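These notes are about the structure you will find just below.
The values are calculated or read from the model by the stated rules, or taken from the named source; none is laboratory data. Remember, it's a predicted structure, so these values are computed and weren't measured experimentally. With ideal geometry, Cβ positions are generated from the backbone for all residues, glycine too; neighbour counts draw on all protein chains shown. To get the accessible areas, we keep the full protein, side chains included, count just its heavy atoms, and leave off ligands, DNA and RNA. Shrake-Rupley method; radii C 1.70, N 1.55, O 1.52, S 1.80 Å.
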Amino acid sequence: MRTHLLFLLALFLASSATFAQKISGTIRTHDGEVAQYATVLLYQAADTVMAKGALTDEAGHYEFENISSGQYFIQSKLIGNGAGASPVFDYAGGDKILGDIELGAVSNELKGVTITASKPMIEVRADKTILNVEGNINSQGQNALELLRKAPGVTVDNNDNINLRGKNSVRIQIDGRDVPMQSSEVAALLKNMRAEEIAAVEMISNPSAKYDASGNAGIINIKTRKNKGLGSNGSLGTELIQGETFKWGVNGAGNFRNEKVNVFGNYNNHFADWHNDISLLRDQNDIRFDQTTLMTDNNNRHGFKLGTDFFLNDKHTIGFLVDGRHNKGPWSNTSKTYISSLETPYIMDSVLIASNHVPQERNNFNFNLNYRYADTTGRELSIDANRGVYRYRANSLQSNYYMDPTEQVVLNERIYRNNTPTDVDMFIGKIDYEQPLWKGKLGIGYKTTNVKTDNVFDYFNVLNGESIKSLERSNHFVYDEHVNAGYVNYNAKFGKFGIQAGVRAELTNYVGDLISELPDMNEQISNKYLSWFPSGALTYEMNKKNQFSLTYSRRIDRPRYQDLNPFEDRLDELTYKKGNPFLRPQFTNSVELTHTFMGFVNTTIGYSKTNDMFTEYIDTTETTRSFLRQANIASQTSYSLSLGVPMPIAKWWEGYLSWTGYITAFDAEFRPGFAYEEQFKAFNLYSEQTFKLPKGWSVQLSGWFNSPAIWQAVFRSKPQGAMDFGIKKQLFDGDGTVSLSFGDILGTAGWSSVNDFTPGLYMLGSGHWESQTIRLNMNYRFGNKNIKNARRRSTGLEDINKRLGGGN
């Protein structure tokens, strides 16, 4: 049944269609000459929403294709001329040629018309793809991780690892700053970000030399909402969510700006229990383990941001920014594992009943002091100094009871307790300078980063209620890393051609000390290496309808800090995760060719090669136990093809379809004597249909689908997808909104996978999270709606946040 529902979902995603229709005409300047390269915008007459944009050619001619029937008008602008507009006209299909539009000698505004152009839900550009979140009904009440599942080319696997176009090492940024955490902690952070905090999600597959070189899949940048003019404004909102349990939260934001200062800030919270269940059937060394686990994350989170910009004059600005998140609440799980022989799998030998309770607290604070100089010649200097702190405190108590098949008699018990505090301190400074050069722009910059992580793992065996410290398993791991980087980058446009070329150099020096309670077990790892990262892009504008872009970059992925930490993270005593202090960085070369049609339909072909790739694999060296571990075991080659198509079907019906397909090949050696090669083809789809109704009502139906693929080189996944439905009503002249949305209405979002190629192991897994929810969101905005944006800062934390071992 679930497979049939997923098949129907895939048909829905691919079902939208458009019809070839054209509106054309000519724009002339105020003196009667043809207006070359003027901006031409087509608006719907009923609600003044922009339907499509274009530029005139050398003859002042413009065309709009694939236009639905309805009433429209056209507005055109050109530097050195005033604006011009057409009368409202009816369009019923076919080819329609309008009379010439003449631009005014001075600015001529449309009388009685307010232009409220809305952003498209998906923008596909030569260098990035943008998912616009504001105004999206089915995004209301969701979190950032759920949004990423909808983003074109993005998949999220069973362990919340984020992949982009089939590549797994994605740098996650928030407003240009990296999130220096391991994948599970990045997922925890994103789950705690509300969609109402987010303006857009940018996917940058081949960043230039200005960006840090880490991330073989590129960058996913989550841009939070900012305010805009002079004066003050604010917003208040609340969310109510019903899943397996009730959840709620409130949020508020404010902004004040005058000619000398801008002060802005926001606060939000979230109180909830989120549930996740996992089933694992594992056959290992002639023994079957049939396990079911229920996990509960008690999420009590508070987040804030406070910033100021001081405008010293037209050229000089000084700013300060502090943001943080506090999360306190226990994580717990309960599991039951039926143990039997493979010869008689339905006759139980014993049952393992386990539980793990982890009271935990996370605090993450970042402080930024910045300066910006900009003059009218195009010279710009930015300086940032940053201090980041992360503190994680947790104590876990794990009990394991082996019972007889009746679950009445305790055969054996093993109870453990551990204390795992983690401190991470970050110091980052960077300078970026740009100036015009040879009809283009030259950029140079320098960045220094120092990150120190201090991890303690105190392990105790609990016997007769008394905790006895295990000296063999207790450790103290200190990791100190320095990265000094410099870059030079140049971009310019010459006629129809544009170029970008740059190179970045990064000198990395790190030392890791594993301090054991037993002196003879102490270890130290250290390394120092210099790496070069060239990048380039060539663009060609064939004509006003067709543009091409060819990009190349070399990138690095350094191990996440917690993946270097050798400590154990246990689900129960038979299943756990373990770090590897000897991980090396991996390097990737990527090339992409993009074709843009009419400024909004993009097709991209990509190729990448990753060497010395580190990935998770299942280690079965312990007879009855299996654990996940990272190692440099593979090389990976990936080919991708992606297509993004906006579909304005009618003036009241807007659609969008995105498709990404990729072929990925692994060549891995998990351990001596066991080599593994695998090639797989996969694709993902996303579609969204929005219906605008009278009196401020709108309805939205959206969905995503992932085909079978391979996760982390060890699991073969099965199809996965979901469909959401939402309705929204605007109140108080658009200042207030109320939305009601239903998530995963078909119940198909859960995952399932199989591992059948690890020696001596067969594992079948499946799981679900609370994807089926009902969400009610209410928001109200007040004050001046036209306050200029607070400056967005790329503060210099770009190369850290993804690698940090903690979270919210």
Checked ASN364, ASN356 against criteria (in a strand (DSSP E or B), modelled with pLDDT under 90 and under 36 Å from the mean Cα position of the chain (by Cα)); the one match is ASN364
Total residues in region 308-328, condition under 15 Å from PHE264 (Cα atoms) and more than 24 Å from the chain's Cα centre (by Cα): 7
With criteria (1) over 24 Å from the mean Cα position of the chain (by Cα); (2) open to solvent by 20 Å² or more (accessible area, probe 1.4 Å), GLN291 comes up short on (2)
Does ASP384 fit the bill of being under 30 Å from GLN435 (Cα atoms) and touching a Gly at 6+ places or on another chain (Cβ under 9 Å)? yes
Within region 425-440, take every residue that is buried (at least 16 other Cβ atoms within 10 Å of the Cβ) and among the aliphatic types (A, V, I, L, M) and give me the one that is nearest to THR376 (Cα to Cα). ILE431
Region 29-44, subset in a loop (DSSP other than H, G, I, E, B) and open to solvent by less than 10 Å² (accessible area, probe 1.4 Å), residue farthest from ILE74 (Cα to Cα): ALA35
Within region 225-239, is even one residue open to solvent by less than 50 Å² (accessible area, probe 1.4 Å), modelled with pLDDT of 85 or more, part of a loop (DSSP other than H, G, I, E, B) and within 23 Å of SER771 (Cα to Cα)? no
GLY443 meets each of (1) within 26 Å of PRO559 (Cβ to Cβ); (2) surrounded by 18 or more Cβ atoms within 10 Å (Cβ to Cβ) with one exception, condition (1)
Residue hits (region 61-86; within 22 Å of HIS30 (Cβ to Cβ) and either modelled with pLDDT under 85 or within 38 Å of the chain's Cα centre (by Cα) (or both)) are TYR62, PHE73, ILE74, GLN75, SER76, LYS77, LEU78, ILE79, GLY80, ASN81, GLY82, ALA83
State yes or no: is ARG301 open to solvent by 50 Å² or more (accessible area, probe 1.4 Å) and either at pLDDT below 90 or outside any strand (DSSP E or B) (or both)? no
Complete set of residues in region 304-348 that are touching an Asp or Glu at 6+ places or on another chain (Cβ under 6 Å) and exposed (fewer than 15 other Cβ atoms within 10 Å of the Cβ): LYS315, LEU342
Looking only at residues in region 492-508 that are surrounded by fewer than 15 Cβ atoms within 10 Å (Cβ to Cβ) and over 19 Å from GLY378 (Cα atoms), which one is modelled with the highest pLDDT? LEU507
Provide a single number: the residues in region 666-694 that are modelled with pLDDT of 85 or more and exposed (fewer than 14 other Cβ atoms within 10 Å of the Cβ). 3
Filtering region 256-269 down to residues that are touching an Asp or Glu at 6+ places or on another chain (Cβ under 8 Å) and open to solvent by less than 40 Å² (accessible area, probe 1.4 Å), which residue is nearest to THR238 (Cα to Cα)? ASN268
I need a count of the residues in region 190-223 that are touching a helix residue (DSSP H, G or I) at 6+ places or on another chain (Cβ under 7 Å), open to solvent by less than 40 Å² (accessible area, probe 1.4 Å) and either over 30 Å from HIS275 (Cα atoms) or modelled with pLDDT under 70 (or both). 3
Give TYR576, TYR607 a once-over and let me know the one that is part of a strand (DSSP E or B) and at pLDDT below 70. TYR576
